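Asks: A single structure is presented below for examination.
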Amino acid sequence: MGAVVLVLGESGAGKSTSLCNFDKDEMELLNVLGKKMPFRSELQSIDNCRYNQILQAFQSNKRHCYVVDDANYLMQLENFRKAEEKGYDKFTRMAVNFEKMLEAAMATDDETIVYILMHPQLDDAGNMKPKTIGKMLDNQLTIEGLVSMTLVAFGDEQGYHFRTNDPLGIAKSPMGMFESEVIDNDLKAVDTTAREYWGMKPLGAK
């Protein structure tokens, strides 16, 4: 069973930039919007991908590291395509499609980590959560409850960081995995640490 890691952050918080230290053959980027990376990149990428391509990538499991960038837009683009449909059934289908993607990510082998990069939003109580489409979808699917770890990307005057744990917030990671609640926004370093903690082979190992 693979591990799924959620990375939340506003636009410009350093989510995509955090990929810059991966070697080109270490992971596959499932680039929902096909946007250019904010660094010079030779990463293996499937651009403008949709659910079927993402599911195929997970089911083939040819790599042990996948990143779904801007995963929110899978729901948002689907919502636009279904804009003329009436009723609430379409929101249920959106939740089902996203859940199937997460299920396929978790169904990868024991050496695989899938990173889901998303924008956040605040709920009615002011708590951070992954951005979805409408309250009905929120009620159908609690994304953060399905993942092994949630990192929150943010920037300050010292640079860009990940928050690894927050007792009052959404950030969570296994006990003792990280030495600090705030680390550099280096997803390759996160991957190395997680693999060692979970007893997985390092990327590139035979």
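Asks: Which peptide among 58-65, 143-150, 155-162 comes first, and what is the full order, when sorted by highest mean count of other Cβ atoms within 10 Å? Intermediate results must be reported in sequence, preceding the final value.
Replies: On the way: 58-65: 16.5, 143-150: 18.8, 155-162: 14.2.
The most tightly packed comes first, giving 143-150, 58-65, 155-162.
Asks: Per-residue ellipticity at 222 nm for the chain, helices alone: DSSP H runs ≥ 4 residues times -39500 (n - 2.57), over residue total, nearest 500 deg cm²/dmol?
Replies: Numbers: 5 runs with 57 residues, N = 206.
Result for the chain, helices only: -8500 deg cm²/dmol.
Asks: Among bridges DSSP assigns within segment 30-125, what percent are antiparallel (round to 5)? Walk me through the numbers before you get to the answer.
Replies: Values: 0 of 8 bridges.
Bridges in segment 30-125 are about 0 percent antiparallel.
Asks: ³J(HN,Hα) across segment 105-119 via Karplus (A = 6.51, B = -1.76, C = 1.60, θ = phi - 60°), whole Hz, x for Gly/Pro?
Replies: 5, 6, 7, 5, 6, 5, 9, 10, 10, 10, 9, 10, 9, 9, 7
Asks: Now a separate question. Please enumerate, by chain and number, the aspartates and glutamates with C-alpha under 20 Å from the C-alpha of K86, excluding those fewer than 8 residues away in the same chain.
Replies: Answer for K86, where 20 Å is the Cα cut-off: E78, D138, listed by chain and number.
Asks: If we sort 66-77, 115-126 on the protection proxy, mean other Cβ atoms within 10 Å, highest first, what's the order? Provide the component values of the computation, followed by the final result.
Replies: On the way: 66-77: 21.2, 115-126: 16.2.
Highest mean packing first, the order is 66-77, 115-126.
Asks: Right, another one. Which net charge results when you count Lys and Arg as +1 and Asp and Glu as -1 among the other residues whose beta-carbon is under 10 Å from that of E26? Please report the intermediate quantities before stating the final value.
Replies: Details: positive: K24, R63, K188; negative: D23, D25, E28, D191.
With Lys, Arg at +1 and Asp, Glu at -1, the neighbours total -1.
Asks: Right, next: Among 105-111, 42-48, how do they line up from the highest to the lowest mean number of other beta-carbon atoms within 10 Å?
Replies: Working: 105-111: 17.3, 42-48: 14.3.
Averaged packing, sorted descending, gives the order 105-111, 42-48.
Asks: Can you spot the lysines whose alpha carbon is less than 25 Å from K129's alpha carbon? Ignore those fewer than 8 places along the same chain.
Replies: Hits, sequence-local ones excluded: K15, K35, K82, K90, K100, K172, K188.
Asks: For the chain, calculate the relative contact order in percent as a whole number, restricting contacts to Cα pairs under 8 Å that are 6 or more residues apart. Show your work: numbers first, answer last.
Replies: Numbers: 370 pairs, mean separation 58.9, N = 206.
That works out to 29 percent.
Read the figures in this text as sums done on the coordinates, not as results from a lab. Everything quoted here is computed from the prediction, not taken from an experiment. Don't worry about glycine lacking a Cβ; one is built from the backbone with ideal geometry, like all the others, and counts go over all protein chains shown.
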